[in-house]
Amino acid sequence: MKNGFFATGAGIHLLPVLGRRVSVLGSTGSIGTATLDVIRFAREHYGPNAFPLQALTAQKNVGLLASQAREMRPEVVVIADSSLKQALADALAGSGIEVLAGNEAVIEAAQRPSEMVVSAIVGAAGLAPTLAAAKRGAIVALANKECVVAAGEVFRQAAADSRGVLIPVDSEHSAAFQLLDFAQTQAIEKITLTASGGPFRTWPAERMAAVTPEQAVRHPNWSMGAKISVDSATLMNKGLELIEAHVLFGLSPQKLDVIVHAQSVIHCLVSYADGSVLAHLSAPDMKTPIAHALGWPHRIGSPARTLNLAELGQMTFEDPDYDRFPCLRIARTCLHAGGDAPTILNAANEVAVESFLNRRIGFLGIAQIVEQTLEAFERLSNGQAPATLEDVLELDSAARAKAREFTGQAAGRAA
Ligand SMILES: NC(=O)c1ccc[n+]([C@@H]2O[C@H](COP(=O)([O-])OP(=O)(O)OC[C@H]3O[C@@H](n4cnc5c(N)ncnc54)[C@H](OP(=O)(O)O)[C@@H]3O)[C@@H](O)[C@H]2O)c1
């Protein structure tokens, strides 16, 4: 902003946030690369020292991790698959960047003293490192919803003990965070998360039976990793997000709702007691919520697409179809059940999605595997929410084993 009454330029008030050291867990994924795009933009616009990087981590993508490291200069890089350590070390020879490998090293990276940790690993694999960051009181920019779904109670406790801050990166929760009046929570009637409806929004159930992984990962509005793309196609993603909202904002399940809005321009609506409904709008581009988290509590520039409402023309809304998208119904049941149901739900869904992507089960099989697994545990578990990381991991692994059993049976029947 160069002219005008309130012109501030880059603004001296931004200096504390631009000086934050950042670690990006999962830097080679869709959220990770978008995060580095925002940091690159900040370095170009605010100065080359903006957001110095502490750590970048990946699972196996040595080539991309090494090129990110050479360009963005983190202190340390970690490859979770330890068999790839030498390849990464060779790719970074002479750079002076420290190279570590293995799952424990990803946790160690999260423990190093950056002010902010971007949690962008996919699935429950992100749980231990994200928790390590939360426990030491880092600002956690949270994209990995699976970890708060699987371990909501554990995260709540860790954040309370460390007085750390969790800033949502999921676009709907980032929007809610920006819309919520935390001083008047009694006046909040409802949070409504919007869902695009995914690529099969208008498809009849019979047609969905033959959906291929290639069709399921082709999202109409967002470009995302494979797992979340499938979750968006089944609407499980919206179910996980309801549970995430419950954990993050502490609202009762009755105050959390979903509406299908195919254009993905409104991300969340917050209804207040006086009848006001506040909406958050932006182009469907994750660089906006990522920039919001990196700059919080200030606003920084980002390379995100800008919203052009005249070009968009119209916005549509409809109720979700719980019959054609049973994953949303199942997740809602788990939200209301609470206890250990979300942990089991998340684990079973991760197994089922992976099996679908590997063509072992069909698209409709995802909901079936998740439901069967939850039913099996209704007989087995005591229903308490797991209270420690160890409890979560134990239940997660038992639920995965059960889901794999059902997947094996389903694959056997199909063969
Ligand atoms: N993409 C979106 O637009 C979006 C929006 C909202 C929320 N989210 C959430 O953000 C998270 C990341 O999503 P994404 O779409 O960015 O996923 P993605 O593209 O699949 O990227 C996942 C990242 O995690 C790393 N990783 C995978 N498995 C790992 C393991 N076992 N240990 C350590 N690192 C591992 C990957 O490394 P390699 O590249 O080496 O495999 C990659 O860097 C998910 O929880 C998702 O629900 C994503």
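Straightening the chain between HIS298 and THR202 buys 30.6 nm, computed as 0.36 nm per residue apart minus the Cα-Cα spacing. For the peptides 340-350, 386-396, the ranking by mean Cβ contacts within 10 Å, running from highest to lowest, is 340-350, 386-396. The protection proxy used here, the mean number of other Cβ atoms lying within 10 Å of each residue, ranks peptides 217-224, 245-252 as follows, highest first: 245-252, 217-224. About its Cα centre, the dipole of the chain is roughly 780 debye, where the only charges are +1 on Lys and Arg Cβ and -1 on Asp and Glu Cβ. Considering helices alone, the calculated mean residue ellipticity of the chain at 222 nm is -14000 deg cm²/dmol, with DSSP H runs of length four and up weighted by -39500 (n - 2.57) and normalised per residue. Which FRET efficiency value, to the nearest 0.05, is calculated for GLN157 and ALA279 with the Förster distance at 41 angstrom and r the Cβ-Cβ distance? Rounded to the nearest 0.05, the efficiency is 0.80.
Sorting the segments 161-168, 201-208, 402-409, 325-332 by their residues' average number of neighbouring beta-carbon atoms within 10 angstrom, most packed first, yields 325-332, 402-409, 161-168, 201-208.
Fewest neighbouring Cβ atoms within 10 Å first, the residues ARG299, ARG413, ARG20 line up as ARG413, ARG299, ARG20.
Multiplying the residue separation of GLU405 and GLU189 by 0.36 nm and subtracting their alpha-carbon distance yields 73.6 nm. Label point 7 Å out from ALA415 along Cα-to-Cβ: which residues of the range 345-365 have amide N under 16 Å? In the range 345-365, the label zone of ALA415 (backbone N under 16 Å from the point 7 Å along Cα→Cβ) covers 355-356, 358-362. Under the simplified labelling scheme, the ARG359-LEU64 pair shows an inter-label distance of 2.3 nm, with each label point 7 Å from Cα along Cα→Cβ.
None of the figures in this text is laboratory data; all of them are computed from the coordinates on show. Everything numeric here is computed off the predicted structure, so don't read it as measured data. With ideal geometry, Cβ positions are generated from the backbone for all residues, glycine too; neighbour counts draw on all protein chains shown.
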